[in-house]
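Asker: My questions will all concern the structure given below.
What follows draws every value from the coordinates through simple rules; no lab data is involved. As the structure is a computational prediction, the values presented were derived from the model and not from experiment. Here the Cβ positions follow ideal geometry from the backbone for every residue, glycine too, while neighbour counts run over all protein chains shown.
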Amino acid sequence: MAGDKHIIHMDQDAFFVSVEVRKNSDLVGKPVIIGGSSERGVVASCSYEARKFGVHSAMSSRMAKMLCPHAIFIRGNMDEYSKASHEITDILKSRVPLIEKASIDEHYIDMTGMDRFHGTLQYAKELRQAVIRETGLPISFGLSVNKTVSKIATNECKPNGELNVNQQEVQPFLNPLSIKKIPGLGEKTFIKLSDMGIKKIFTLSQIHPDQMQTLLGKNGIQLLQKAKGIDNSPVIPYQEQKSIGTQCTFKTDTIDVDTINNLITSMVMDLAFELRQKKKLSACITVTIRYSNFEDVTKQVTIPYTSLDHVLIAKAKELFRQVYQKRMLLRLVGVRLSSLVSGHEQIDLYSDSQEQYSLCQAMDKIRKRFGEKAITLASTMKIDL
């Protein structure tokens, strides 16, 4: 029964900004924007003080400056944010029976059955205080009967908040909220439903399933369920997060390093495209080679969370240089991306340049329309190993 579940959703408050404030207390209470400050820059994250002026993630830095001229712009460091994310995950993992890392800054915890030993609300409060105490980073939580309601609860009590919504309170809690509050309801769907006069969750919950099916297909039924406070999706153990990878065995053993590097580029581009389609980010990349004598050598490195081609390609090539030491003939090369988490758009937007992100977007559109091999880099076109 859904009512028997105890699901905690824990979410960092303005995570990137909080990490910067931890380093520099002079930023406390200031409108801080993480992202490029140039004309072409994009806001990756911003403080709640900046949000009061209408600034939000994915906005152009130019617009953010117009809305909040006195904002403090910080270029940011994804490596530091990734390390802070791992700190928080480690703290929570050591204290709970079942945890899902939903993204770089949020976790779901399933305490079902443990309420006999711990008062779940009290335990959630203690978990929150442990994170704050041990990391110096602010965090909020929502506690309810499923992932959807607990996530909405967290969003309603942020920043620096706690909210418990028990089974009897679910519908009264959801009813007056905007449909925009439902996780997974995008801008196009919001506009479509709003144009029909469906603006509150209560109104949406009253729509007949057949009408929602006709209107939005399978997604319509899922939204209707969420509006009714129903969500049976499980908390997926963090340890079981999947990796994605690919490898190529050469027709003939080779020592052609340039061609192998081009092959690695092609392999990484395919994996990065798959990541973005699944709305995932990777924090670990592994390169494996097999010499002609069948000796396998593997090297991996932890990286800042990313799904961007140019970042992953550079790391993969660097690992290949490190791992290929014997200058013997090679018969196989493989690349694997692991430590996957769901990625918010704000993380994808955080890159060395807006042009690189825009290029990824443009290439993804072409691939989705015409197939994965419809576009690639010129250097990868003449690979025949």
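Asker: Against the longest principal axis of the chain, how steep is helix 218-227, in degrees 0 to 90 to the nearest 10, with axes from Cα atoms?
Answerer: Here the helix axis deviates by roughly 40 degrees.
Asker: Sort Tyr48, Tyr305 by Cβ crowding within 10 Å, fewest neighbours at the top.
Answerer: Details: Tyr48 15, Tyr305 23.
Neighbour counts put them in this order, fewest first: Tyr48, Tyr305.
Asker: Cα axis of helix 257-277 to longest principal axis of the chain: angle in degrees, 0 to 90, nearest 10?
Answerer: 10
Asker: In this model, which of Lys279/Lys299; Lys5/Lys200; Lys83/Lys315; Lys5/Lys181; Lys218/Lys278; Lys180/Lys242 are farther than 20 Å apart at the alpha-carbon? Before the final figure, lay out the partial values.
Answerer: Working: Lys279/Lys299 26 Å; Lys5/Lys200 26 Å; Lys83/Lys315 18 Å; Lys5/Lys181 22 Å; Lys218/Lys278 18 Å; Lys180/Lys242 30 Å.
Pairs exceeding the cut-off: Lys279/Lys299; Lys5/Lys200; Lys5/Lys181; Lys180/Lys242.
Asker: Under a Cβ-Cβ cut-off of 11 Å, what is the net charge of the residues other than Thr286 that fall near it, where Lys and Arg count +1 and Asp and Glu count -1?
Answerer: Numbers: positive: Lys299, Lys315, Arg336; negative: none.
Its environment carries a net charge of +3.
Asker: Say we join alpha carbon atoms closer than 10 Å with springs in a Gaussian network model of the chain; which of Lys101, Lys200, Lys147 then has the biggest fluctuation?
Answerer: Lys200
Asker: Rank Met267, Met328, Met63 by mean-square fluctuation in a GNM of the chain with C-alpha springs under 10 angstrom and give only the top-ranked residue.
Answerer: Highest fluctuation of the listed residues: Met328.
Asker: Per residue, what volume in Å³ does the convex hull of the Cα atoms of the range 123-243 enclose? Spell out each step's value before the answer.
Answerer: Values: hull volume 17.2 nm³, N = 121.
Taking the convex hull of the Cα positions in the range 123-243, it is 142 Å³ per residue.
Asker: Tilt of helix 309-323 relative to the longest C-alpha principal axis of the chain, in degrees (0 to 90, nearest 10)?
Answerer: 50
Asker: Taking only Cα atoms and a 10 Å spring cutoff, compute GNM fluctuations for the chain and point out the largest among Lys188, Lys242, Lys30.
Answerer: Top of the fluctuation ranking is Lys188.
Asker: Would you mind telling me the antiparallel percentage of the DSSP bridges in the range 1-165, rounded to 5?
Answerer: Numbers: 19 of 25 bridges.
If I count the DSSP bridges inside the range 1-165, around 75 percent turn out antiparallel.
Asker: Find out how many positive minus negative residues lie around Glu126, taking Lys and Arg as positive, Asp and Glu as negative, among other residues whose Cβ is under 13 Å from that of Glu126. Intermediate results must be reported in sequence, preceding the final value.
Answerer: Numbers: positive: Arg95, Lys125, Arg128, Arg133; negative: Glu134, Glu162.
Taking every other residue near Glu126 into account, the sum is +2.
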